[in-house]
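Engineer: Sharing a structure with you now.
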Amino acid sequence: MSEFDTSFDFDGRRVPFRPGQTLGAALVAAGTTAWRTTRLEGRPRGLFCGIGVCFDCLLTVDGHANQRACLVVARDGMTALTQEGTGHDDT
Amino acid sequence: MTTPDLTPSGADHDVVVIGAGPAGMACVATLLAETSLTVGLVDAGHGAGGQYWRQPAPVPTPHPGEPAPRRAGLHHDLATFHRLRDALDRGAASGRLATRFAHHVWSVTANDPGPVAEGGFAVHVVDRSGRPGDESTSTITGRALVIATGAFDRALPFPGWDLPGVMTVGGLQALLKAGDVAAGRRVAIGGTGPFLLPVAAALAARGSTVVGVFEANHPVRWLRESRAVARNVGKLGEGAGYAATLLRHRVPLRPRRMIVAAHGTDRVEAVSVARVGRDGRPVEGSAERHTVDAVGVGWGFTPQLDIAVTLGLRLTRDRGGTPVVEVDRLHRSSRPRVYAAGETCGVGGAALALVEGRLAARGVAHDLTGADPASHPAPGPDGVAAVRLGAFADAIISAHPVPVGWVDALTDETIVCRCEEVRFGAVRAAIEAGATDARQVKQLTRTGMGWCQGRVCGYAAALLSAGAPGEPDERLIGAPMPLGALAQTDDQHDAM
């Protein structure tokens, strides 16, 4: 059981977070290092620069693709999804 | 946020400061203390502090009984941060300062002609303080503009650097400072420069095992810079503090070593570390392997010059050849009423950034309050400090070059451009076909054409093709924005 009572949903799994944390920080704290696959080779990616520069940590949040996990502040009840390719149906 | 009263000129503010790190905070605090000018402060973060004093996002309602974040010892010189933040709070309460946090600047245009009769600047921002999908755009105008946008980690490709778990050292530090999260239980730190030490120390203090700090250069290089070092004993004390922390946690400091590969299938599981010879190349057969679950790499910093380039500011190069904004002693750029402070005019750390922020404020004050623009007020003690700390910054840059042998670690399969998944083999072929700079490599291979616009791989592409850092690219949109938000931008302020 987590020490926090706030959580978001990641691919159907409950991820607890400390209020003020980003989605990326909460995912790493929960032992998840990758939440995107690349457009061409389908390789896993997660945080790299951690400050919004590199765009490696993209995921889909509440239906909005291409959100940087390192910048989006987690909110109770958010839904985050692994992003494949461009995050849109045209891949 | 309330709309500020317009200045007599019609601008929202006398001065718009972009960036609320040490330089921007010091600039704003000085403007508030020493002038009667009104100020707008914009930053992408959720509060003041920048990367150096990065804080968790503010929590709207306190959660009683929740464990306190374990961030003790992470931040240096917090007293200065609190003093500056208090000054900003007082300025906001008095109505002279309007802050816009979680606002990303996507463009800056010269407002000529525009609503600001005397000329001025329009800063176009995306408000990302709400949920994804709730972004909105607006424009902030000012008679003068201070660019204090800082710098980001400089990364170099090596086999396996695209594996999850491999991050920049700045990324590791941001996780600790803002999220109270250690990226791994066993961490290798590599690259060059004094910033490796605080990150390793913070991870060790947080309970991670740091298997080594692999510094490509050797401390003996400092002896060559003894004059600058001797005049900055205080800065050395900061480094000694980190070294003591590392010693206490038995973190090995390994000079003349570099991480030459990260291993793993879907995440990093180990690194190979090689000795760096006197020729700056990894010594064959010297590689040792360390089991890790996280890696931090950093080869110094690249100043964030998007706005400076957009405004056509004259650039110069620092001692390491990195493009930076050219400024005078009061941090005026080549364009009237545009100023730059902090890492944008040369990476030198927080102490120098604070001094430069104050100097820029005095440049603004001098220029906007009707003094003879040709006269130069004496920079005073801050001017002296800037010279001293600048010499120290130069010494650091000289003591921590990227060793030429970083390319030896690359194989044709190594990813160079992470966004477009371009491998070294393709880049090498482009160079062999005649590409002589990063732009030509981009045209031939798509290296630097993806989401990050070459911010991550541009340095490597320039070193590989031209042998030196390249001129920064002009990026029409400095920050990505949803098309819906772009569509609602006011035509009169539309830069496109």
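Engineer: Could you list which residues have their amide H under 5 Å from that of residue B:264, counting only those 5 or more apart in sequence or on another chain, with H placed in the peptide plane?
Structural biologist: Long-range HN contacts for residue B:264: B:269.
Engineer: Then there is this: Taking amide H atoms as placed 1.01 Å from N in the peptide plane, list the residues 5 or more away in sequence, or in a different chain, whose amide H sits under 5 Å from that of residue B:421.
Structural biologist: none
Engineer: A further question follows. Taking the Cα centre as origin and putting +1 on Lys and Arg beta-carbons and -1 on Asp and Glu beta-carbons, what dipole magnitude results for the range A:8-84, to the nearest 20 debye? The partial results should precede the final answer.
Structural biologist: Values: 9 positive and 7 negative charges, 28 e Å.
Computed charge dipole of the range A:8-84: roughly 140 debye.
Engineer: How big, on average over all directions, is the shadow cast by the Cα convex hull of the range A:8-84, in nm²?
Structural biologist: On the way: hull surface 18.2 nm².
Quarter of the Cα hull surface area: 4.5 nm².
Engineer: Still on this structure, I have one more. Compute from the Cα atoms of the protein assembly as shown the Rg and the Dmax, the latter being the longest Cα-Cα distance, and quote both in angstrom.
Structural biologist: Just the Cα atoms of the protein assembly as shown yield Rg and Dmax of 23.0, 70 Å.
Engineer: Considering only DSSP beta bridges whose two residues both sit in chain A, what percent are antiparallel, to the nearest 5? Please report the intermediate quantities before stating the final value.
Structural biologist: Numbers: 12 of 16 bridges.
Expressed as a percentage, antiparallel bridges in chain A total about 75.
Engineer: Give me the residues in the range B:177-193 whose solvent-accessible area, probe 1.4 Å, is reduced by at least 10 Å² once all protein chains are included instead of the chain isolated.
Structural biologist: By number: B:178, B:179, B:180, B:181, B:183.
Engineer: For the range A:8-84, what % of the accessible area comes from carbon and sulfur atoms, probe 1.4 Å? Numbers along the way, then the final one.
Structural biologist: Numbers: 1140 of 2440 Å².
Within the range A:8-84, the accessible surface is 47 percent carbon and sulfur.
Engineer: Just checking chain A: which Cys have no other cysteine's beta-carbon under 4.7 Å?
Structural biologist: A:57, A:70
Engineer: With charges set only on the Cβ (+1 for Lys and Arg, -1 for Asp and Glu), what does the dipole of the protein assembly as shown come to about its Cα centre, in debye to the nearest 20?
Structural biologist: Values: 58 positive and 60 negative charges, 439 e Å.
Result for the protein assembly as shown is approximately 2100 debye, rounded to the nearest 20.
Engineer: Here is a follow-up. Report, by chain and number, residues whose modeled amide H sits under 5 Å from the one on residue B:324, excluding near sequence neighbours (fewer than 5 apart, same chain).
Structural biologist: Here the answer is B:316, B:317, B:318, since their amide H atoms fall under 5 Å of that of residue B:324.
Engineer: Shifting gears a bit: Among A:65, A:19, A:79, pick out the residue whose Cα is farthest towards the positive end of the charge dipole of the range A:8-84, where Lys and Arg carry +1 and Asp and Glu carry -1 on C-beta, about the Cα centre.
Structural biologist: A:19
Engineer: Tell me, in nm to one decimal, what length is gained between residue B:33 and residue B:446 on full extension, where the rule is 0.36 nm per residue of separation less the Cα-Cα distance? Present the calculation step by step, with values, prior to reporting the outcome.
Structural biologist: Values: separation 413, 0.36 × 413 = 148.68 nm, distance 4.90 nm.
Contour length minus Cα-Cα distance gives 143.8 nm.
Engineer: Right, another one. Rounded to the nearest 10 degrees, what's the angle between the helix B:78-94 long axis and the longest principal axis of chain B, both from Cα atoms, 0 to 90?
Structural biologist: With rounding to tens, the tilt is 30 degrees.
Engineer: Rank B:186, B:289 by accessible area, highest first, at a 1.4 Å probe radius?
Structural biologist: Details: B:186 100, B:289 155 Å².
Order by accessible area, largest first: B:289, B:186.
Engineer: With all protein chains present and a 1.4 Å probe, how do B:413, B:135 order by accessible area, largest first? Don't skip to the answer; put the middle values down first.
Structural biologist: Details: B:413 120, B:135 25 Å².
The most accessible residue leads, giving B:413, B:135.
Engineer: By how many nm would the segment from residue B:378 to residue B:314 lengthen if fully extended, with 0.36 nm per residue of separation less the alpha-carbon distance?
Structural biologist: Values: separation 64, 0.36 × 64 = 23.04 nm, distance 2.34 nm.
Answer, rounded to one decimal: 20.7 nm.
Engineer: Right, something else. I need the peptides B:240-253, B:146-159 ranked by packing, meaning the mean over residues of other C-beta atoms within 10 angstrom, with the highest value on top.
Structural biologist: On the way: B:240-253: 15.7, B:146-159: 26.7.
Going by the mean number of other Cβ atoms within 10 Å, highest first, we get B:146-159, B:240-253.
Engineer: By how many degrees, between 0 and 90 and to the nearest 10, does the Cα long axis of helix B:350-368 differ from the longest principal axis of chain B?
Structural biologist: 20 degrees
Engineer: Compute the length gained on full extension between residue B:279 and residue B:82: take 0.36 nm times their separation in residues and subtract their Cα-Cα distance, giving the result in nm to one decimal.
Structural biologist: Numbers: separation 197, 0.36 × 197 = 70.92 nm, distance 4.59 nm.
The residue B:279-residue B:82 span can extend by a further 66.3 nm.
Engineer: In the protein assembly as shown, what % of DSSP beta bridges are antiparallel (nearest 5)?
Structural biologist: Working: 46 of 83 bridges.
Beta bridges within the protein assembly as shown, antiparallel portion: roughly 55 percent.
Engineer: Assuming R0 = 22 Å, can you tell me the calculated FRET efficiency for the pair residue B:263 and residue A:82, based on Cβ-Cβ distance, to the nearest 0.05? Walk me through the numbers on the way to the answer.
Structural biologist: On the way: r = 24 Å, r/R0 = 1.08.
So the FRET efficiency works out to roughly 0.40.
Engineer: Could you give P(r) for the range B:228-354, binned at 5 Å from zero, as whole percent values over all Cα-Cα pairs?
Structural biologist: Each 5 Å bin holds this share of Cα pairs: 2, 8, 12, 12, 14, 14, 13, 12, 8, 4, 1, 0.
Engineer: Still on this model: Can you work out the accessible area per residue across the protein assembly as shown, with the rest of the protein chains kept in place, probe 1.4 Å, in square angstrom? Each step should come with its number before you reach the end.
Structural biologist: Values: 23800 Å² over 587 residues.
That works out to 41 Å² for each residue.
Engineer: Using only protein heavy atoms and a 1.4 Å probe, how much accessible area in total is buried between A and B, to the nearest 100 Å²? Don't skip to the end; give the middle numbers.
Structural biologist: Details: alone 5530 and 22210 Å², together 23800 Å².
The summed interface area works out to 3900 Å².
Engineer: Still on this model: How large, in percent, is the carbon and sulfur part of the accessible surface of chain B at a probe radius of 1.4 Å? Walk me through the numbers on the way to the answer.
Structural biologist: Working: 10800 of 20280 Å².
Taking all protein chains in place, chain B shows 53 percent carbon and sulfur surface.
Engineer: Treating the beta-carbon of each Lys and Arg as +1 and of each Asp and Glu as -1, no other charges, what is the dipole magnitude of the range B:75-186 about its Cα centre, to the nearest 20 debye?
Structural biologist: I would put it at about 340 debye.
Engineer: Report, to the nearest 10°, how far helix B:233-248 tilts away from the longest principal axis of the Cα atoms in chain B, using its own Cα long axis and a range of 0 to 90°.
Structural biologist: 40 degrees
Engineer: Right, another one. To the nearest 10 square angstrom, what accessible area does residue A:76 show with a 1.4 Å probe?
Structural biologist: Accessible area of residue A:76: about 90 Å².
Engineer: Related question: To the nearest 10 Å², what's residue B:446's accessible area with a 1.4 Å probe?
Structural biologist: We get 110 Å² for residue B:446.
Engineer: What does the accessible area of residue B:442 come to, in Å² to the nearest 10, when a probe of 1.4 Å is used?
Structural biologist: 50 Å²
The values are calculated or read from the model by the stated rules, or taken from the named source; none is laboratory data. Computed from a predicted model, the values in this text were never measured in an experiment. Here Cβ is always computed from backbone atoms with ideal geometry, including for glycine, and neighbour counts include all displayed protein chains. The accessibility values were calculated without ligands, DNA or RNA, using every heavy atom of the protein model including side chains. Shrake-Rupley method; radii C 1.70, N 1.55, O 1.52, S 1.80 Å.
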